[in-house]
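Working notes for the structure below.
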Amino acid sequence: MERATSELDRLPQGARVAIVRLRSMGDCVLTTPAIDILKSTRPDLQIAVVVENRFRAIFDGNPAIAAILEPTLAQIYHWRAGLCLNLHGGRRSMLLTIASRAPRRAGFAHHRGSVLYHIRIPRAQEILGVERPVHTAEHLASAMFYLGCPLQEIPRARLYAAATHTSTPYAVLHPTAAAQYKTWPADRFVAVARHIQQSLNLEPVLIGAASDDMTPFQSFRVISGAPLEEIKALISGASLFAGNDSGPAHIAAAFDIPLLVLYGRVEHQVTWAPWRATSAATLVDPQGIAAIPAQDAIAAIRRLR
């Protein structure tokens, strides 16, 4: 049977594509497998990612990406995309998608305002032919399959970082998160850091945003408010990662660092699991993240090592 013409087939050779991916850090990391799939299917396409500057470093150095655009109406308009794919779905991303003036606009059908799309992408389960909760990487990649990329195994997220130079092996711990329900108690991260230091002979390095309270961890090396490019490089050179379910955990999984992730909700252990990580452990408790004992985390780290 002759294959139906896909949206990608309709794009001329060397066409420009704009992918709107505003936030968050983990979403940005897990968009890179979808971009790889698109570029491997149509190497001629010029792909731009529209992203906030604070997450730009996720896409820096990626050879599949021709341009990284600031999320302004002028920048996306001047890119002159033949196809604009909105992977975010919020009001601002909708405005950017319209401003692209792309002759073909695509996004998920469940987005509010999806009437503005020419191409409304159905549920990932329908595209993948499954009826189960899907991982975020699967959800994002399903858009590429719907546009015309052949169904295939979804690769690991791809990030690029400058080499780190240190004579002391270290572990990176990320003890903060954007929401309280995702934040494991600080004293348990301290217990894990001590175990890593004393039993694994790794230097614990604890990272956080400038707005995070890092005072409980001052007996260890703390990096607070560092640029994302620096954090990316730091994680890429680590021997171990342990942290809450948040963006740095997905960076560690992309670099295939042995990692432990603690979850605040049971369902997130599936949808936000360390994607394609070779050596990963996850912990969750139905009663909430505070119900996870420090000893469980230490035992998981021992198994990883």
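Summary table
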{"item": "Selected residue [free of Cβ contacts under 8 Å to residues at least 60 places away in the same chain, crowded, with 20+ Cβ neighbours inside 10 Å, aromatic (Phe, Trp, Tyr) and not assigned by TED's automatic domain parsing to the domain that holds THR31] from PHE217, PHE255", "result": "PHE217"}
{"item": "Odd one out for PRO150 among (1) in a loop (DSSP other than H, G, I, E, B); (2) free of Cβ contacts under 8 Å to residues at least 60 places away in the same chain; (3) exposed (fewer than 15 other Cβ atoms within 10 Å of the Cβ)", "result": "(2)"}
{"item": "Residue within region 35-50 that is under 14 Å from the mean Cα position of the chain (by Cα), assigned by TED's automatic domain parsing to the domain that holds HIS118 and either part of a loop (DSSP other than H, G, I, E, B) or surrounded by fewer than 17 Cβ atoms within 10 Å (Cβ to Cβ) (or both) present", "result": "no"}
{"item": "Residue list for region 272-305, restricted to those being under 23 Å from THR32 (Cα atoms) and either in contact with a Pro (Cβ under 6 Å, 6 or more places away or on another chain) or surrounded by 21 or more Cβ atoms within 10 Å (Cβ to Cβ) (or both)", "result": "TRP272, PRO274, TRP275, ALA277, SER279, ALA280"}
{"item": "Odd one out for ILE127, checked against (1) within 27 Å of ALA294 (Cα to Cα); (2) free of Cβ contacts under 8 Å to residues at least 60 places away in the same chain", "result": "(1)"}
{"item": "Residue count, region 96-126 (criterion: hydrophobic (A, V, I, L, M, F, W, C) and touching an Asp or Glu at 6+ places or on another chain (Cβ under 9 Å))", "result": "3"}
{"item": "Pairs where the first residue, in region 4-31, is in the same structural domain as GLY89 (by TED's automatic domain parsing) and among the basic types (Lys, Arg) and the second is assigned to a helix (DSSP H, G or I) and surrounded by fewer than 24 Cβ atoms within 10 Å (Cβ to Cβ), C-beta under 8 Å, 6+ apart", "result": "ARG16/TRP79; ARG21/ASP27; ARG23/PHE55"}
{"item": "The lone exception for PRO227 - which of (1) surrounded by 14 or more Cβ atoms within 10 Å (Cβ to Cβ); (2) touching a residue at least 24 places away in the same chain (Cβ under 8 Å) it fails", "result": "(1)"}
{"item": "Candidates ALA238, ALA157 - the one that is crowded, with 18+ Cβ neighbours inside 10 Å and not assigned by TED's automatic domain parsing to the domain that holds ALA291", "result": "ALA157"}
{"item": "Those residues of region 85-134 which are assigned to a loop (DSSP other than H, G, I, E, B) and crowded, with 20+ Cβ neighbours inside 10 Å, in sequence order", "result": "LEU87, HIS88, SER100, ALA102, HIS111, TYR117"}
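The values are calculated or read from the model by the stated rules, or taken from the named source; none is laboratory data. All of these numbers come straight from a predicted model, not from anything done at the bench. As a convention, Cβ positions derive from the backbone with ideal geometry for all residues, glycine included, and neighbour counts pool all protein chains shown.
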